[in-house]
Every structure is written in C-alpha cells, then in structure tokens.
Amino acid sequence: MKFDIVTIFPSMVRGALSEGLLCRARERGVIEVDVHDLRDWSADKHRKVDDAPFGGGGGMVLRPGPLFEAVEAVLGTGGGCSPAGREPGTAVALMCPQGRRFDQAEAARLSRECRRLVLLCGRYEGVDERVREHLVDLEISIGDYVLSGGEIPALAVVEAVTRLLPGALGRAESAMEDSFSDGLLDCPHYTRPAEFRGWAVPDVLVSGDHEAVARWRREQAYERTAKRRPDHLAGKTNAAPTRAAPES
Ligand code: 9D3
C-alpha cells in the first residue's frame with residue numbers, strides 16, 4: 001500500500017517513519033510512504049501556505065491552492081482531481097478535528113479497500129472549505145482532544161492500517177493478534193521476577209498447566225473488558241473460542 005503524507009512539518013513525520021514497525025514495513029516493501037512539504041506548492045516567495053479568514057476574526061486558514069496542487073502533483077492528474085473522478089482504490093483524507101472518529105473498523109476498511117491513501121495534515125485554525133467540498137474523500141479525527149495539527153493523527157492512521165497488511169507483523173506478533181482479535185481488552189501480563197517487592201505473580205501462571213493459564217487469561221480479559229469497556233462487550237460471552245471442526 002502507498003501512503004502520501006502532505007504536511008508543513010515533513011521532518012517530524014519522517015522521524016516517526018524511520019523507527020519500529022513502520023520502518024520494518026517499509027524495508028519489507030509492505031508499504032511505501034512519501035512525505036511531501038506543502039510549502040513546495042506555495043505560490044508565495046516566502047513559501048506561505050496560510051492566510052487570514054474572509055469575514056475577519058482571529059487565526060489563519062490553510063489556502064486551497066497549495067493543497068489542490070499537492071494532491072494533483074502526487075496523484076498525477078494535473079488540472080482535475082475531484083473525488084468523483086478518483087481512481088478506485090485511491091482516497092484523499094483530510095486529518096481534522098471535525099472528521100469522523102477513527103477506529104479499528106475504519107483501519108480495517110482502509111487496509112482492505114485502499115491501495116493508495118493521501119493524507120492531508122491540517123494546521124492553524126483550519127483549511128479552506130473548498131478543500132473539503134472538492135478535493136477530499138473523507139475526513140478523519142483520531143479522538144476528542146485538541147492537537148496542533150494533523151501530523152500525529154496521520155501517523156496513527158498509517159500505523160493502524162499498516163499493522164493489518166499481510167507481512168507487516170512478524171510471525172509471533174501475528175499469532176498474538178489472532179488469539180486476541182476477539183475484541184476483548186488484553187489480559188494482565190507478568191515477567192520475571194516471580195516475586196517483586198513482595199508482590200507475587202498469580203500462581204496459575206507458574207503452575208505449568210497450559211489449559212488453566214488459557215482459561216485464566218480469557219476470564220481476566222473478559223472481566224477487564226466488562227469493567228472498563230462494557231461498550232465493547234455487546235454479544236460476547238466468557239466462553240472458550242469455538243473452533244471450526246477440522247475437515248475430514
Ligand atoms: C483551537 C482551534 N479550534 C477551535 C475550535 C479548532 C482546531 C483547529 C485545528 C482544533 C485543532 C486543530 C488542529 N488539529 C488537527 O488538525 C487534528 C486533530 C485534533 O486536534 N484532534 C484529533 N484528531 C485530529 S486530526 C487533525
């Protein structure tokens with residue numbers, strides 16, 4: 001999958017892409033990410049990309065010109081680049097506080113349906129409304145708190161989507177994901193030492209009884225989810241996962 005991130009802080013975004021999972025996924029060719037400096041498409045000699053709002057008031061607004069030209073250059077459709085005429089599998093997303101709240105289901109949808117995702121990072125008080133109306137396919141927020149721009153949200157989206165692409169996770173990580181993909185919160189984890197400052201690890205985890213360990217983990221995950229995120233529990237029971245019968 002190919003991501004294009006358009007931002008006025010390209011080095012901030014590149015830094016995050018050069019570590020950990022995203023770095024490995026790029027090395028493995030699972031994803032390609034190009035980071036573009038919005039100022040490269042400023043018509044202004046001072047590379048300005050914002051201006052005062054019509055009608056007055058405080059704050060600055062991202063001008064439409066640089067954003068339209070950036071997307072047209074990136075998608076290679078000079079002159080016309082409207083959501084209606086977009087190639088299937090290609091989407092332009094605006095990261096903004098007014099967007100739809102991003103979640104795991106949306107990450108899964110993007111990983112299935114997109115081969116190419118352009119992420120526009122908002123800054124200042126907002127972007128010219130014509131960008132929303134005539135350039136953008138979807139608007140994404142990552143949650144109800146105020147950030148200074150769309151860079152960290154764009155990275156969150158890229159990472160959440162990338163993790164779902166085949167080959168992005170190592171073998172061990174993938175197996176872990178499989179066993180926890182039932183929508184429950186994680187169970188508690190412990191490592192050495194078995195006793196730390198007088199606090200012992202639960203006996204069952206050092207019992208050697210793998211069945212009992214699996215049962216305990218499932219119960220803990222269920223209880224935690226019920227207590228902390230009851231909204232995640234609709235229709236789930238505290239039962240062992242049912243396995244499909246093996247084909248004869
Ligand atoms: C203080 C300005 N606010 C007035 C009501 C509006 C506002 C504009 C721009 C608030 C934040 C921002 C910058 N944030 C983003 O561009 C952003 C964001 C966020 O702040 N929270 C969660 N997801 C996102 S995605 C992009």
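The values are calculated or read from the model by the stated rules, or taken from the named source; none is laboratory data. Source: prediction; values computed, not measured. Glycine also receives a Cβ, built like all others from the backbone with ideal geometry; neighbour counts cover every protein chain displayed. Ligands, DNA and RNA are excluded from the accessible area calculation, which covers all protein heavy atoms including side chains. Shrake-Rupley method; radii C 1.70, N 1.55, O 1.52, S 1.80 Å.
Some notes on this structure:
- Residue within the range 103-114 that is assigned to a loop (DSSP other than H, G, I, E, B), within 15 Å of the ligand (Cβ to nearest atom) and either more than 21 Å from the chain's Cα centre (by Cα) or buried (at least 16 other Cβ atoms within 10 Å of the Cβ) (or both) present: no
- Filter result for V92 (in contact with a Pro (Cβ under 8 Å, 6 or more places away or on another chain) and either assigned by TED's automatic domain parsing to the domain that holds T7 or open to solvent by 40 Å² or more (accessible area, probe 1.4 Å) (or both)): yes
- The residue that is least open to solvent (accessible area, probe 1.4 Å), among those in the range 26-38 that are closer than 16 Å to L119 by Cβ and in a helix (DSSP H, G or I), is L38.
- Flag for F180 being over 25 Å from A105 (Cβ atoms) and either modelled with pLDDT under 95 or not assigned by TED's automatic domain parsing to the domain that holds G20 (or both): no
- Scanning the range 150-191 for residues that are open to solvent by less than 20 Å² (accessible area, probe 1.4 Å) and at positive phi yields nothing.
- Taking helices (runs of 4 or more DSSP H) as the structural unit, those lying wholly within the range 121-197 and holding at least 1 residues that are free of Cβ contacts under 8 Å to residues at least 12 places away in the same chain, more than 11 Å from the ligand (Cβ to nearest atom) and more than 27 Å from A234 (Cβ to Cβ) correspond to 129-134, 171-179.
- With respect to being within 16 Å of the ligand (Cβ to nearest atom) and open to solvent by 20 Å² or more (accessible area, probe 1.4 Å), G65 falls outside the description.
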